[in-house]
Amino acid sequence: MVRFENVGLRYGQGPEVLRDVSFHLKPGSLHFLTGASGAGKTSLLRLLFLALRPTRGFISLFDQDVATVPRTALPAIRRQIGVVFQDFRLLDHMTTFENVAMPLRVRRMSRAQYSHDVEELLDWVGLGDRMNALPAVLSGGEQQRAAIARAVVGQPDLLLADEPTGNVDPALAARLMRLFIELNKLGTTILIATHDVQLLDQFDAPRLELGKGDLTIHS
Amino acid sequence: MMARARKKPLLEGSDTPPTSTRVRRTAQIMPDSGVTGHTLTIVMTIMCYLACLALGALILINNAIDTWTSDISRQVTVQVRPLRGADVEAEVLKAQAILEETPGILSVDALSLSDAAELLEPWLGETGLLEELPIPRLIEVSIDRGAPPDLDALSARLEAEVLGATLDTHRRWQDQLVRMAGTLRLIGYSVLILISFTTIAIIVYATRSAMFSNRHIVEVLHLVGAEDSFIAVQVQRHFLRLGLRGGLIGAIAGAITFTVLNVLSESTPAGGVGQAINSFSSGAYGFSIVNYLLLLLIPLVATLISLITARLAIMHILHDTL
Ligand SMILES: Nc1ncnc2c1ncn2[C@@H]1O[C@H](COP(=O)(O)OP(=O)(O)O)[C@@H](O)[C@H]1O
Ligand SMILES: [Mg+2]
């Protein structure tokens, strides 16, 4: 599903943020991506959701070489990927409902087609009574759940989550993790970046550990 | 890839009916304020107003040229110069007789000597000189435009039979006026083209700045899998509205301007600028309603320019993103 081979990345003329990173994610697997702050977790995820191109190396997504995919094919690939951003990136002029519905709206689905699914999903993540609230009035945890809901609403094959428990208390963190595990059981391939060691210890999943740009794999 | 029931609802075990009443509204993906602000709307309206004035002027000029170049003028003048040894009065009567028997002539009106003197008074003053001066005598002739006489033949006959007579069809004046109007028309078209290009430049600039100030939205749209065309539609709908609005307000302001000028110039002497403006709405040179309808071209063209320019600019910008 995802394959990195000797991937290197640098920003501009800066030092290499990622060096010779190689790994493989099998369909339906769940992995953690760990490493200290600044180790390059977010950068690696950005490569995965096609917001960045690697400086060198080979990346394949859904069995397609990312380097040779034409621009016009990118939307179709991105629709198979759900992303929970570290900073959420909710659009602040839109309600929770509208933010979460966005991936369906860009698929040109009509409101009648998607509103039921979106409402159901919002109920599921516990935002059923916050549907008409703007992000500015949501708590950190609520924004986090809205961001997760937006990432999964399109039923992606690959879910990337960047520090999804970074802004919530341990109890909610555990609940969100169970949500990811639930989705993984439904067949979604999941990669969760986190530097929260305590959280990692609660779950038994293979880890990709980034340290100073190098990746080591612990099963 | 795992085979799984992708099309099934995300969550099982819920069969509540759609509850759309729970959701209040659907916001625009790109908020209005971030794309086309007040300043841009005002600039667009002013450009459309200017275009309207230029178009109105062009309509007037074209109508005037039409009238001036239409084969026959309504009025011609026969001039009888007093030649040595000829009796002017007799020659005038002769000319009058010829004119009256020519078919296609509605009226023949010979100006008396005192009429002629009156015409010359502003230049010569009230002197008693007039009797001594060889003042040419004028005969005003109205022509039936439906069945006009053969003016060339008439001219030849007058010159042959009446001493000192010439037929002045005002053609030379008309030719000069038409040439001048042609130059004005060229200027009018140039102004319209300049306004169009300026508008295009403004829209390109505004589109770029809208894309820049909304780049966080564009980025999110991209990352959730929006196609370029979807993003373009979100931005360009604002430019569609901008063109439509600016165009309509500009055109209405233009129409009001022409109507007001028309009312103000009602009392000015015929043949002047006033008459030309009157002709716009009173339809002296055609149907006024048609002229006002032509002004509706402005919102139409403004909308097209705004929409197409914005679309191209957006696609160009998106093409450079990942
Ligand atoms: N847009 C950028 N431009 C330049 N350097 C960047 C950019 N984003 C991240 N970096 C650098 O790359 C390194 C890794 O950052 P990041 O991927 O955000 O790490 P993590 O998510 O593990 O905290 C850091 O040293 C950071 O300063
Ligand atoms: Mg990070």
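Just so it is clear, none of the values below were taken in a lab; they were calculated from the coordinates. This one's a predicted model, so the numbers in the text were calculated from it and none came from an experiment. Positions of Cβ are backbone-derived with ideal geometry, glycine not excepted, and every protein chain shown enters the neighbour counts.
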May I ask you to give the average projected area over all directions of the convex hull of the Cα atoms of the range A:90-176, in nm² rounded to one decimal?
5.6
Rounded to one decimal in nm, the spacing of the 7 Å Cα→Cβ label points at B:Q174 and B:L296 is 3.4
Cα-based Rg / Dmax (Å) for chain A:
17.1, 50
Taking every pair of alpha-carbon atoms in the range A:116-157, what share in percent sits in each 10 Å bin, from 0 to the bin with the longest distance?
30, 59, 11, 0
For B:R215 and A:L52, extending 7 Å from Cα along the Cα-Cβ vector and measuring point to point gives, in nm, a value of 1.7
Part-to-part distance (alpha-carbon centres) for the range B:200-264 and the range A:1-71, which is given in Å:
39
Least to most buried among B:W173, A:W124 (fewest other Cβ within 10 Å first):
B:W173, A:W124
FRET efficiency (B:V204, A:D214; Cβ distance; R0 51 Å; to 0.05) is 0.65
Listed residues A:L91, A:L176, A:L127, most fluctuating in chain A (Gaussian network, C-alpha, under 10 Å)
A:L91
Under 5 Å between amide H atoms, partner at least 5 residues away or on a different chain: which partners does A:V17 have, H built in plane at 1.01 Å?
A:L9, A:R10, A:Y11
Just name one of B:I29, B:A95, A:A161: the one whose Cα is farthest towards the positive end of the charge dipole of the protein assembly as shown (beta-carbon charges, Lys/Arg +1, Asp/Glu -1).
A:A161
Projected label distance in nm at A:D169 and B:A97, using a 7 Å step from Cα toward the beta-carbon
12.4
Expressed in angstrom and ordered largest first, the alpha-carbon extents of the range B:82-163 along the principal axes are 43, 28, 17
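Estimate the FRET efficiency between B:D115 and B:L194 by the formula 1/(1 + (r/R0)^6), using the beta-carbon distance for r and 56 Å for R0, to the nearest 0.05.
On the way: r = 49 Å, r/R0 = 0.88.
After rounding to 0.05, the efficiency reads 0.70.
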Please arrange A:F62, A:F32, B:F239 by counting, for each residue, the other beta carbons lying within 10 Å of its beta carbon, fewest first.
A:F62, A:F32, B:F239
Here P(r) for the protein assembly as shown, Cα-Cα distances in 20 Å bins, as whole percents, is 17, 31, 18, 14, 12, 7, 0
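Which of A:T95, B:T207 comes first, and how do the rest follow, when ranked by fewest Cβ neighbours within 10 Å? Provide the component values of the computation, followed by the final result.
Values: A:T95 22, B:T207 26.
By the 10 Å Cβ count, ascending: A:T95, B:T207.
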Charge context of A:L121, other residues only, Cβ under 11 angstrom, K/R +1, D/E -1
-2
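Specify whether the C-alpha gyration tensor of the range A:36-95 places it in the rounded, prolate or oblate class, a ≥ b ≥ c being the square roots of the eigenvalues: rounded for a/c under 1.5, otherwise prolate if a/b is larger than b/c and oblate if not. List each step's numbers first, then the result.
On the way: a/c = 2.55, a/b = 1.24, b/c = 2.06.
Since a/c reaches 1.5 but b/c is at least a/b, the shape of the range A:36-95 is classed as oblate.
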Looking only at other chains, what is the average number of their beta-carbon atoms within 10 angstrom of each beta-carbon in A:120-129?
2
Once phi for every residue in the range B:58-63 is put through the Karplus expression 6.51 cos²θ - 1.76 cosθ + 1.60 (θ = phi - 60°), the whole-Hz ³J(HN,Hα) values, with Gly and Pro written as x, are 4, 4, 4, 4, 4, 4
For the range B:187-192, just list the computed ³J(HN,Hα) in residue order, Karplus coefficients 6.51, -1.76 and 1.60, θ = phi - 60°, integers in Hz, with x standing in for Gly and Pro.
4, x, 5, 4, 4, 4
Per DSSP H run of n ≥ 4, the term is -39500 (n - 2.57); total these for the protein assembly as shown, divide by its residue number, and report the mean residue ellipticity at 222 nm rounded to 500 deg cm²/dmol.
-16500 deg cm²/dmol
Would you mind classifying the range B:131-213 by shape? Square roots of the alpha carbon gyration tensor eigenvalues, ordered a ≥ b ≥ c; an a/c under 1.5 is rounded, otherwise it is prolate if a/b is larger than b/c and oblate if not.
prolate
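Can you give the mean number of other chain Cβ atoms that lie within 10 Å of the Cβ atoms in peptide A:24-31? Walk me through the numbers on the way to the answer.
Details: counts 0, 0, 1, 4, 3, 0, 0, 0.
What the average comes to for A:24-31 is 1.
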Among A:L172, A:P75, A:L122, pick out the residue whose Cα is farthest towards the positive end of the charge dipole of the range A:2-218, where Lys and Arg carry +1 and Asp and Glu carry -1 on C-beta, about the Cα centre.
A:P75
